[in-house]
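One structure is given below, encoded as structure tokens.
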Amino acid sequence: MSSTTTVTGPAAPAVPARGSLRALLPALAGHRGMVARTCAAALLEQGSLVALLTLAAHTVGAAVTEGRAPSPGTVAALAALVAVRAVMTWREMDLSHDLAYRVLAELRVRIFDGLARSAPARVAGRRSGDLAATAMADVEALEFFYAHTTAQLLASGVVFAGGTAVLAAVEPWLPAAVVPVAALLAVAPFADARGRAERGARTRAAAAKLSADTVETVDGLRDLLAFGALPARRDRLAERGRAVGEAQRAEASGEALAAAVRDLLIVAAVLGVVAAAAHSVTSGRLHGAWAPAAMTLALAVLGPVAESTRSLSQAVGLRAAAARVDAALKAPALAPPPASPRPLPPGPLGVRLHRVGFGYGGRPVLDGVDLTVPAGQTLALVGVSGAGKSTCAHLLARFWDPSAGSVQVLPADGGPVDVRDLSDADLRAAVAVVGQETPLFHGTLAENLRLAAPDADEEALTATARLCGIDRFATPDTVVGERGATLSGGQRARIALARALLAEPRVLVLDETTAHLDNAGDAQLAAALAHGDRTTIVIAHRPATIRRADRIAVLEGGRIVEEGTWEELTARPDSALGRVLAVTPR
């Protein structure tokens with residue numbers, strides 16, 4: 001057996017590693033100007049508050065000890081500081097949230113790009129509600145990190161350093177009472193970093209499970225009602241909700257304990273500052289009028305540090321959300337783009353699978369598949385369920401790359417072109433794959449059809465809809481429910497095929513597309529496919545569909561074991577096609 005490709009995508013760890021938040025800082029790189037303005041506003045906001053409190057305390061001290069009323073200049077300075085503080089508080093909040101929401105908008109797009117880049121392997125096996133939780137709830141949780149952490153940490157560090165330097169110049173004993181407490185406040189968030197990360201991870205995991213179950217419940221509401229399973233499902237959702245509540249309470253309890261520790265440290269700082277100031281006043285080193293100002297300055301510079309510590313503590317709890325987002329952003333491309341794409345010449349295209357090997361997570365599916373479909377020919381690819389027919393279609397669409405061999409398109413002029421050498425745009429324009437369960441989106445029929453050909457005019461859209469028999473049950477303005485819920489399986493199949501035909505692909509792969517159609521509908525769509533000179537690969541089980549193909553290839557044991565026309569293959573007494581038809585439900 002040839003080597004296989006593992007197609008399971010990476011998942012965010014249960015307990016995220018350190019550095020998960022730092023990994024998201026590069027998202028700020030595209031907003032350097034706004035980051036600088038936010039930091040400047042935060043610095044002015046915090047600095048103006050410290051200056052206001054210190055000047056006010058000195059004014060009161062002078063009035064009490066010297067019986068001196070504040071001068072007009074002092075009053076003007078206090079009023080100016082109040083105005084600066086008010087304006088900068090508003091400005092900092094405005095800038096920081098504007099910055100955060102811009103970054104979050106970009107992250108959502110990049111998460112979608114990451115999922116698209118690694119789909120379908122990364123998406124396969126993951127619940128849509130879980131993916132939605134990453135793209136929406138986890139990203140939204142990071143708003144706190146971008147809006148309330150980065151600029152504030154920088155500003156509080158600068159304010160504390162400047163205030164401590166002033167204190168040291170006024171009275172060296174006062175920094176000795178403040179610096180140790182500030183150091184303890186700074187390291188406090190990291191003392192229980194693992195616990196915070198674990199609690200945050202439990203909350204994010206519980207919320208993702210609730211989201212996934214809710215989406216599944218809404219999608220399956222009709223079946224749940226039909227089988228009387230709705231009460232049990234409601235109980236499950238209630239259990240998921242309780243799990244989220246318990247996880248959130250655990251987080252809140254941890255944060256309450258951390259807040260109590262911070263308050264105790266602040267009280268210790270107050271006692272230390274009062275003791276140091278009293279000693280300085282009694283020893284004559286600090287004038288009485290300056291004592292209130294010095295004590296206020298010492299405590300004021302601790303305020304931003306304590307607030308930043310609180311923000312940092314909450315940010316540590318977001319490591320799980322950051323890890324999930326980072327994993328989505330860095331999802332590897334299972335089909336990386338070529339360094340130098342080859343141009344694809346115009347005209348009909350054939351298809352070749354040359355010694356192709358592939359497997360899922362160590363389970364081999366294809367082992368040296370050799371198959372050539374000349375341009376303009378229709379091939380029926382048949383085999384028992386699980387033989388690897390859909391895998392061949394996915395490799396041709398380059399959802400994955402083979403672990404061995406190559407998948408090629410064959411232009412009429414020039415040599416074969418490996419699909420790995422084509423740009424994504426050229427490949428999607430040339431090859432279209434229509435599955436059995438092609439999703440439809442909420443919107444009009446015309447909007448759903450134009451997903452494949454946004455520039456298609458009304459005439460082409462109407463003609464294609466008529467060709468596929470859609471005009472019998474819908475008009476271009478008919479609203480299609482989410483996932484085609486308002487349509488039958490056969491109607492969805494017709495729309496899916498029409499969407500692909502509207503794009504005029506040169507290679508069309510139908511993976512059980514007509515399974516939901518009756519014989520008459522199957523024949524009608526076969527007539528629609530007869531138009532044009534495209535190459536068509538039909539994956540089907542229905543004998544009537546198979547026998548209409550120009551050639552038939554039978555996939556068995558990971559290889560093509562038989563090729564020929566319907567007449568040739570059914571005439572053989574030991575035909576592999578006969579074995580497949582005998583065990584395949586039709």
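All but one of (1) modelled with pLDDT of 85 or more; (2) closer than 25 Å to GLY383 by Cβ; (3) surrounded by 15 or more Cβ atoms within 10 Å (Cβ to Cβ) hold for ALA540; state the number of the condition that does not hold.
Only one criterion is unmet by ALA540, namely (1).
Being in contact with a strand residue (DSSP E or B) (Cβ under 7 Å, 6 or more places away or on another chain) and among the hydrophobic types (A, V, I, L, M, F, W, C) is the filter here, so list the residues in segment 330-352 that pass it.
Result: LEU344, LEU349, VAL351.
Could you please find all residues in segment 156-174 being in a helix (DSSP H, G or I) and at pLDDT below 85? Step through it out loud before you land on a result.
Step one: list which residues in segment 156-174 are in a helix (DSSP H, G or I), which gives 156-170, 173-174.
Matches in segment 156-174: LEU167, ALA168, ALA169, VAL170, TRP173, LEU174.
Specify the residue that is nearest to LEU501 (Cα to Cα); the eligible residues are those in segment 441-455 that are in contact with a Lys or Arg (Cβ under 9 Å, 6 or more places away or on another chain) and surrounded by fewer than 18 Cβ atoms within 10 Å (Cβ to Cβ). Full working, then the answer.
Taking segment 441-455 first, the residues in contact with a Lys or Arg (Cβ under 9 Å, 6 or more places away or on another chain) are 441-442, 448-453.
Add one more test, that the residue is surrounded by fewer than 18 Cβ atoms within 10 Å (Cβ to Cβ), and what stays is 441-442, 451.
On the way: PHE441: 18, HIS442: 21, LEU451: 12 Å.
Within segment 441-455, the match that is nearest to LEU501 (Cα to Cα) is LEU451.
Please find, among ARG194, ARG222, the residue that is closer than 30 Å to GLY481 by Cβ, part of a helix (DSSP H, G or I) and either at pLDDT below 85 or among the hydroxyl-bearing types (Ser, Thr, Tyr) (or both).
Numbers: ARG194 fails: closer than 30 Å to GLY481 by Cβ.
None of the other options fit; the residue is ARG222.
Being under 30 Å from ARG204 (Cβ atoms), modelled with pLDDT under 90 and surrounded by 18 or more Cβ atoms within 10 Å (Cβ to Cβ) is true for just one of THR150, THR59. Which residue is that? Give the derivation first.
Details: THR59 fails: under 30 Å from ARG204 (Cβ atoms).
Step by step, each of THR150, THR59 is checked, and only THR150 is under 30 Å from ARG204 (Cβ atoms), modelled with pLDDT under 90 and surrounded by 18 or more Cβ atoms within 10 Å (Cβ to Cβ).
So which of LEU349, LEU379 ends up being touching a helix residue (DSSP H, G or I) at 6+ places or on another chain (Cβ under 8 Å) and surrounded by 17 or more Cβ atoms within 10 Å (Cβ to Cβ)?
LEU349
Kindly indicate the residue of segment 17-65 that is part of a loop (DSSP other than H, G, I, E, B) and among the hydrophobic types (A, V, I, L, M, F, W, C) and also farthest from GLY162 (Cα to Cα) among those meeting that condition. Step through it out loud before you land on a result.
Residues of segment 17-65 that are part of a loop (DSSP other than H, G, I, E, B), as a first pass: 17-21.
Pick out the ones that are also among the hydrophobic types (A, V, I, L, M, F, W, C) and you get 17, 21.
Numbers: ALA17: 34, LEU21: 28 Å.
Only one residue tops the list, namely ALA17.
Only one of these conditions is not met by VAL356: (1) at pLDDT below 80; (2) closer than 30 Å to ILE560 by Cα; (3) touching a Pro at 6+ places or on another chain (Cβ under 6 Å). Which number is it?
So VAL356 meets the others, but not (1).
Only one residue in GLU459, GLU447 is over 21 Å from THR513 (Cβ atoms) and at pLDDT 85 or above, so which one is that?
Working: GLU447 fails: over 21 Å from THR513 (Cβ atoms).
Every option except GLU459 fails the conditions.
Applying the selection to segment 457-505, what residues are crowded, with 18+ Cβ neighbours inside 10 Å, small (Gly, Ala, Ser) and within 23 Å of LEU349 (Cβ to Cβ)?
ALA496, ALA498, ALA500, ALA503
Give segment 213-232 a look and list any residue that's closer than 23 Å to VAL244 by Cα and surrounded by 15 or more Cβ atoms within 10 Å (Cβ to Cβ), or say none.
Hits for segment 213-232 are ASP213, THR214, VAL215, GLU216, THR217, ASP219, GLY220, LEU230.
Only one of these is at pLDDT 85 or above and either touching a Lys or Arg at 6+ places or on another chain (Cβ under 9 Å) or more than 30 Å from ALA397 (Cα to Cα) (or both): ASP263, ASP235. Name it.
Details: ASP263 fails: at pLDDT 85 or above.
Step by step, each of ASP263, ASP235 is checked, and only ASP235 is at pLDDT 85 or above and either touching a Lys or Arg at 6+ places or on another chain (Cβ under 9 Å) or more than 30 Å from ALA397 (Cα to Cα) (or both).
Output the residues belonging to segment 187-219 that are farther than 28 Å from ALA232 by Cα and of a type in the set (Asp, Glu).
Matches in segment 187-219: ASP192, GLU198.
Can you name every residue in segment 211-230 that is in contact with a Leu (Cβ under 7 Å, 6 or more places away or on another chain) and hydrophobic (A, V, I, L, M, F, W, C)?
Filtering segment 211-230 for residues in contact with a Leu (Cβ under 7 Å, 6 or more places away or on another chain) gives 213-214, 217, 224, 230.
Of everything in segment 211-230, those that are in contact with a Leu (Cβ under 7 Å, 6 or more places away or on another chain) and hydrophobic (A, V, I, L, M, F, W, C) turn out to be LEU224, LEU230.
For a quick check of your reading of the model, give me the residue pairs whose first member lies in segment 444-472 and is at negative phi, whose second is among the aromatic types (Phe, Trp, Tyr) and in a loop (DSSP other than H, G, I, E, B), with beta-carbon atoms closer than 8 Å and at least 6 apart or on different chains.
GLU447/PHE441; ASN448/PHE441; LEU451/PHE441
Hey, can you tell me all the residues within segment 411-440 that are of a type in the set (Gly, Ala, Ser) and either surrounded by 19 or more Cβ atoms within 10 Å (Cβ to Cβ) or under 26 Å from ASP455 (Cα atoms) (or both)?
Within segment 411-440, SER423, ALA425, ALA429, ALA430, ALA432, GLY435 meet the criteria.
So for segment 575-582 (the condition being modelled with pLDDT of 85 or more and buried (at least 18 other Cβ atoms within 10 Å of the Cβ)), does at least one residue qualify? Break it down stepwise before answering.
If we filter segment 575-582 for residues that are modelled with pLDDT of 85 or more, which is where we start, we get none.
No: segment 575-582 contains no residue that is modelled with pLDDT of 85 or more and buried (at least 18 other Cβ atoms within 10 Å of the Cβ).
Just to be sure before I move on: is ARG494 in a helix (DSSP H, G or I), within 30 Å of PRO374 (Cβ to Cβ) and not acidic (Asp, Glu) in the structure I sent?
Working: in a helix (DSSP H, G or I): yes; within 30 Å of PRO374 (Cβ to Cβ): yes; not acidic (Asp, Glu): yes.
Yes, satisfied.
Condition first: in the same structural domain as SER488 (by TED's automatic domain parsing), in contact with a helix residue (DSSP H, G or I) (Cβ under 9 Å, 6 or more places away or on another chain) and more than 18 Å from THR464 (Cβ to Cβ). Can you find one or more residues in segment 410-417 that meet it? Please lay out each step first, then the result.
Taking segment 410-417 as the starting set, the residues that turn out to be in the same structural domain as SER488 (by TED's automatic domain parsing) are 410-417.
Add one more test, that the residue is in contact with a helix residue (DSSP H, G or I) (Cβ under 9 Å, 6 or more places away or on another chain), and what stays is none.
No.
What single numbered condition from (1) in a helix (DSSP H, G or I); (2) modelled with pLDDT under 85 fails to hold for ALA183?
Just one mismatch for ALA183, condition (2).
Exactly one of (1) polar (S, T, N, Q); (2) more than 26 Å from GLY200 (Cα to Cα); (3) touching a His at 6+ places or on another chain (Cβ under 8 Å) is unmet by SER280. Its number?
Just one mismatch for SER280, condition (3).
The values are calculated or read from the model by the stated rules, or taken from the named source; none is laboratory data. Here the structure is a predicted model, which means the values were calculated and not measured. As a convention, Cβ positions derive from the backbone with ideal geometry for all residues, glycine included, and neighbour counts pool all protein chains shown.
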